[in-house]
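Enquirer: Mind having a look at this structure? Questions to follow.
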Amino acid sequence: MSTASITRTWEILPARGYSTAWVDFAPDSLSARGRAVGLLPEPYWVSYELETTGGYVTTRLGVTVETATSTESLELRHDGEGRWTVNGAERPDLDGALDCDLGLCPLTNTMPVLRHTLHRKPGPGPELFTMAWVSVPDLTVSLNRQTYTHLARAEHGARIRYQSGDFQSDIEVDDRGMVLDYPSLATALTR
C-alpha cells in the first residue's frame with residue numbers, strides 16, 4: 001500500500017493565526033496531526049489528531065485547546081456505522097455524519113472532497129454532507145449541514161463551492177484535495 005506524507009501550513013484569517021497539518025495519505029484513508037495558534041477571540045493553542053478509515057470516513061478526532069485560563073480536551077469518535085460519541089457519551093444528534101469538521105482547520109475539508117473526487121472531476125451536482133462540527137476554541141460539538149459543488153478544474157487542482165447555511169465560499173484545492181485558498185478563512189503558506 002503506497003502512502004504519501006504532506007505538511008501544509010495555512011494562515012487562518014478570522015483567528016489572526018496559523019495552522020500546520022502533518023498528513024499521511026493512504027489510497028482510501030488519511031491520518032493527521034496538527035497544531036494551530038490563534039489570537040481571536042482570545043489567544044489559544046490547538047493540537048489535534050485525526051484518523052479516518054476506508055472512504056475517508058472519520059473514525060477519531062482528538063483535540064486539546066489551551067488558553068490563558070484553561071486546558072480543554074475533546075475525544076470525538078465514529079463507530080463506522082453512523083453513531084458518534086463525544087468524550088465517551090453517545091451523541092445521537094450526530095448520527096448519520098461521516099465527517100468531522102474542526103473549526104478554523106482547512107484540513108477537515110479534505111475528506112468529503114476526496115470521497116467524491118471533487119478535486120478531479122465534476123460530480124452529478126452538489127454533494128450534501130452532514131458533519132460533526134467542532135467549534136474552536138470552545139470545543140462545542142454540533143450537527144452541521146454542508147454542500148460542496150465542483151465548479152472547475154484549476155491550475156493545481158479544482159475550485160469547489162462550499163456552502164453552509166447563509167455562508168458560501170469558493171475554495172481552491174490541490175490535486176490531493178487539500179485547501180490552497182479558502183477566501184475569508186485560510187490561505188496556504190506551504191504547498
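Enquirer: Sort out which residues of region 72-94 are closer than 19 Å to Arg35 by Cβ and small (Gly, Ala, Ser), and write them in order of number.
Expert: First, pick out the residues of region 72-94 that are closer than 19 Å to Arg35 by Cβ: 72-76.
The answer is Ser73, and nothing else.
Enquirer: Search region 50-71 for residues that are within 18 Å of Arg33 (Cβ to Cβ) and touching a residue at least 60 places away in the same chain (Cβ under 8 Å) and pair each with any residue that is crowded, with 21+ Cβ neighbours inside 10 Å and among the charged types (D, E, K, R) when their beta-carbon atoms are under 6 Å apart and the residues are at least 6 apart or on different chains.
Expert: If the second residue must be crowded, with 21+ Cβ neighbours inside 10 Å and among the charged types (D, E, K, R), the pairs left are Thr58/Asp99.
Enquirer: Looking only at region 120-147, count how many residues are part of a strand (DSSP E or B), open to solvent by less than 40 Å² (accessible area, probe 1.4 Å) and of a type in the set (A, V, I, L, M, F, W, C). Explain how you work it out, then say what you get.
Expert: Narrowing region 120-147 to residues part of a strand (DSSP E or B): 127-134, 141-147.
Going one step further and asking which of them are open to solvent by less than 40 Å² (accessible area, probe 1.4 Å), we end up with 127, 129-132, 134, 141, 144, 146-147.
The next check asks that each one be of a type in the set (A, V, I, L, M, F, W, C); those that pass are 129, 131-132, 134, 141.
Counting residues in region 120-147 that are part of a strand (DSSP E or B), open to solvent by less than 40 Å² (accessible area, probe 1.4 Å) and of a type in the set (A, V, I, L, M, F, W, C) gives 5.
Enquirer: Of these, Arg83, Arg153, Arg120, Arg145, which one is modelled with pLDDT of 95 or more and basic (Lys, Arg)? Before you say what the answer is, go through the steps one by one.
Expert: Working: Arg83 fails: modelled with pLDDT of 95 or more; Arg153 fails: modelled with pLDDT of 95 or more; Arg120 fails: modelled with pLDDT of 95 or more.
When all the criteria are applied, what remains is Arg145.
Enquirer: Name the residues in region 155-191 that are open to solvent by 30 Å² or more (accessible area, probe 1.4 Å) and among the hydrophobic types (A, V, I, L, M, F, W, C), would you? First the steps, then the outcome.
Expert: Here is the first cut: in region 155-191, the ones open to solvent by 30 Å² or more (accessible area, probe 1.4 Å) are 155-156, 159, 161, 163, 165-168, 170, 172, 175-176, 181, 183-184, 187, 189-191.
Across region 155-191, the qualifying residues are Phe167, Leu189.
Enquirer: Just give me the residues in region 59-90 being open to solvent by less than 20 Å² (accessible area, probe 1.4 Å) and touching a His at 6+ places or on another chain (Cβ under 7 Å), in sequence order.
Expert: Result: Trp84, single match.
Enquirer: In region 1-42, how many residues are assigned to a loop (DSSP other than H, G, I, E, B) and surrounded by fewer than 20 Cβ atoms within 10 Å (Cβ to Cβ)? First the steps, then the outcome.
Expert: Let us first name the residues in region 1-42 that are assigned to a loop (DSSP other than H, G, I, E, B), namely 1-3, 13-16, 27-28, 39-42.
Then keep just the ones that are surrounded by fewer than 20 Cβ atoms within 10 Å (Cβ to Cβ); that gives 1-3, 13-14, 16, 27-28, 39-42.
Residues in region 1-42 being assigned to a loop (DSSP other than H, G, I, E, B) and surrounded by fewer than 20 Cβ atoms within 10 Å (Cβ to Cβ): 12 in total.
The values are calculated or read from the model by the stated rules, or taken from the named source; none is laboratory data. Since this is a predicted model, take the numbers as computed values, not measurements. A quick note on method: Cβ atoms are made from the backbone with ideal geometry, for glycine too, and the neighbour counts reach across all protein chains shown. For the accessible areas, the whole protein counts, side chains as well, though only heavy atoms, and no ligand, DNA or RNA atoms are used. Shrake-Rupley method; radii C 1.70, N 1.55, O 1.52, S 1.80 Å.
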